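Asker: Can you read through this structure? Questions will come right after.
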């Protein structure tokens, strides 16, 4: 019988062999052995580890599928923000982006890295000393969800890097479902008589957020790595292209379609080729990403509040198909807006089978002269809601019916009106309209709001039909026993829903503000309001002047919030939420600011500082009670300008906002607001 040491050596040898062949298969696309031989190596390792569990390592290829994750995905703060990209939709806009970039750098960049824009789910993956330790979704760019257990199941993601890896490295990639895998999945769904999945992108995203990693493993997901984020140690890299080559050598999947071009003409040629080959790959693309290749030029170009100046996404034009418009119906949304939509003969467009498409409003229906019975052109791009572009008039049948907005709401019988100065008609029934209430409740429970898993349209419809809820507050007082009485609802499903509702009671105030659907208040504004007021009652008690004084909040938003807060129905709703145990107040930040030296001070930091990283400078200001924002306005107290400050310095000078160099910034941190220059 072999000794444990010999068995451990064989297991280590097998792990090394399996990792090598995974690299050949997934990264180089050049396998050295047949699938059967690979499977034999994996089975041998599985047998050894089953007999000797004491020698199993977390990075072993056998350990990709672990235990199911908990009821919620833990939040992960990215070491470096995952910015979104600005979009362009024409070559003229692409040329304008390149011209702006040249003005910022005062010369044309030395080259551009062009990449296919993969239609998948963006993630960050962290490696410590070459071993994968964490994976997170992009989230809002600052905070994502911990999906480590699920991403570990993806064979194309190495658990251990090759060669000399740095002490700490975070990479960004796009997880996707190959088109072939998607088609196989839907074929299985059809065999089982189950509903088919809509498209590869949404299916990949849903697969990564499965509670059970074993289900993720079944989906045959893959990844393309497109960027290096935070790094500690490693080589001195000068360009993005060099960086991607290094990541490839470490065993990470880098798309072979990536290309370095010299100038704008090279970019446009790459775009033309990508458009021509749009459906040639086994993965979906929705555009081209163009990046300045030089990392020094990237640092010099810097960022806007939302996006890097040194990169842009060229969005491919939407795809269009023709189909029959069977009917025009209306939907009442959560704000009472009435939207007509087309009921279509099913048509496959933009990677999705489309049966309905928006018609926006009655004016658009009349302007486009779309009639029931027409053959119409349907357009869809990416995740955009399909729309009817217009009719094919040459195919219009005799008697095609002209459509008009009904005078009364078909859901509640109340009058439909078109307010003066608005394009959208509105139902006057308030939340007595079941369609509006349904949409409002679905929005309230959605992932971007209170994130109550299991409370989708089907469950909302059941609860409304049975009279168990009439407003969002009723969700938190649902009777468990009443749910158990419904067909298909057992202890597990009811327990999961009640647990999700209990978890939602303690969501941050920003999430609650988003969920309440105050007109003009989305997630970004809600987070800004919550940082300032820290409680819903304080926000509702604030005057318009107090609200409009907040950076990033305009007069229309302030007026909307004040009007919403004064409505007695909304006051009663908030009182019911409080009585149901929903959190209305955020706790103070842990420990609070270290001091109040910079209380009331609003700073903008631009350019490169020698003694501070951008995050470090921001943290230093916030630790002293100040605030750092992304754009310069008349309300800005001062601008800290390092090397290559860009347009923010010019804006500060135009507005007369004081500008600090790095020594003056250090003095400010030591002495507080008294060290600010007059201005």
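Asker: Of 618, 635, which residue is under 26 Å from residue 100 (Cβ atoms), in contact (Cβ under 8 Å) with a residue 40 or more places away in the chain and in contact with a strand residue (DSSP E or B) (Cβ under 9 Å, 6 or more places away or on another chain)?
Answerer: 635
Asker: Which of (1) at positive phi; (2) out of contact with any helix residue (DSSP H, G or I) (no Cβ under 8 Å at 6 or more places or on another chain) does residue 430 not meet, given it meets every other one?
Answerer: (2)
Asker: Which helices (runs of 4 or more DSSP H) does segment 438-533 wholly contain that include 2 or more residues that are out of contact with any strand residue (DSSP E or B) (no Cβ under 8 Å at 6 or more places or on another chain) and exposed (fewer than 14 other Cβ atoms within 10 Å of the Cβ)?
Answerer: Passing ranges, in order: 457-465, 480-484, 491-504.
Asker: Any residue in segment 380-391 that is without any contact (Cβ under 8 Å) to a residue 24 or more places away in the chain, out of contact with any strand residue (DSSP E or B) (no Cβ under 9 Å at 6 or more places or on another chain) and more than 19 Å from residue 346 (Cβ to Cβ)?
Answerer: No: segment 380-391 contains no residue that is without any contact (Cβ under 8 Å) to a residue 24 or more places away in the chain, out of contact with any strand residue (DSSP E or B) (no Cβ under 9 Å at 6 or more places or on another chain) and more than 19 Å from residue 346 (Cβ to Cβ).
Asker: Among the residues of segment 335-352, what is the count of those that are surrounded by fewer than 19 Cβ atoms within 10 Å (Cβ to Cβ) and under 23 Å from the mean Cα position of the chain (by Cα)?
Answerer: 1
Asker: Would you mind finding the one in 201, 253, 219 that is more than 30 Å from residue 95 (Cβ to Cβ) and either outside the structural domain of residue 93 (by TED's automatic domain parsing) or in contact with a strand residue (DSSP E or B) (Cβ under 8 Å, 6 or more places away or on another chain) (or both)?
Answerer: 253
Asker: Now for a separate question. Can you tell me which residues in segment 534-552 are farther than 16 Å from residue 450 by Cα and in a helix (DSSP H, G or I)?
Answerer: Matches in segment 534-552: 537, 538, 539, 540, 541, 544, 545, 546, 547, 548.
Asker: Tell me, please, whether a residue that is surrounded by fewer than 16 Cβ atoms within 10 Å (Cβ to Cβ) and either touching a helix residue (DSSP H, G or I) at 6+ places or on another chain (Cβ under 8 Å) or at pLDDT 95 or above (or both) can be found in segment 353-365.
Answerer: So far as segment 353-365 goes, no, none of its residues is surrounded by fewer than 16 Cβ atoms within 10 Å (Cβ to Cβ) and either touching a helix residue (DSSP H, G or I) at 6+ places or on another chain (Cβ under 8 Å) or at pLDDT 95 or above (or both).
Asker: What's the number of the condition residue 146 fails, among (1) in contact (Cβ under 8 Å) with a residue 40 or more places away in the chain; (2) crowded, with 21+ Cβ neighbours inside 10 Å; (3) within 27 Å of residue 233 (Cβ to Cβ)?
Answerer: Here residue 146 meets the rest and fails (2).
Asker: Considering segment 476-503 alone, what residues qualify as being touching a residue at least 40 places away in the same chain (Cβ under 8 Å) and under 24 Å from residue 584 (Cβ atoms)?
Answerer: Within segment 476-503, 476, 477, 497, 499, 500, 501, 503 qualify.
Asker: Before we move on, is residue 210 at negative phi and either surrounded by 20 or more Cβ atoms within 10 Å (Cβ to Cβ) or free of Cβ contacts under 8 Å to residues at least 12 places away in the same chain (or both)?
Answerer: Against the criterion (at negative phi and either surrounded by 20 or more Cβ atoms within 10 Å (Cβ to Cβ) or free of Cβ contacts under 8 Å to residues at least 12 places away in the same chain (or both)), residue 210 does not qualify.
Asker: Please go through segment 325-334 and pick out each residue that is surrounded by fewer than 17 Cβ atoms within 10 Å (Cβ to Cβ) and either within 11 Å of residue 433 (Cα to Cα) or in contact (Cβ under 8 Å) with a residue 24 or more places away in the chain (or both).
Answerer: 326, 327, 331, listed by residue number.
Asker: Just the residues that are assigned to a loop (DSSP other than H, G, I, E, B) and either within 14 Å of residue 206 (Cα to Cα) or out of contact with any strand residue (DSSP E or B) (no Cβ under 9 Å at 6 or more places or on another chain) (or both), please, taken from segment 155-182.
Answerer: If the condition is that a residue be assigned to a loop (DSSP other than H, G, I, E, B) and either within 14 Å of residue 206 (Cα to Cα) or out of contact with any strand residue (DSSP E or B) (no Cβ under 9 Å at 6 or more places or on another chain) (or both), then 162, 163, 164, 177 are the ones that fit.
Asker: Among 582, 639, 604, which is the only one that is over 30 Å from residue 674 (Cα atoms) and at pLDDT 85 or above?
Answerer: 582 is the lone residue from the list that is over 30 Å from residue 674 (Cα atoms) and at pLDDT 85 or above.
The values are calculated or read from the model by the stated rules, or taken from the named source; none is laboratory data. All of these numbers come straight from a predicted model, not from anything done at the bench. Every residue, glycine as well, gets a Cβ built from its backbone with ideal geometry; the counts of neighbours run over all protein chains shown.
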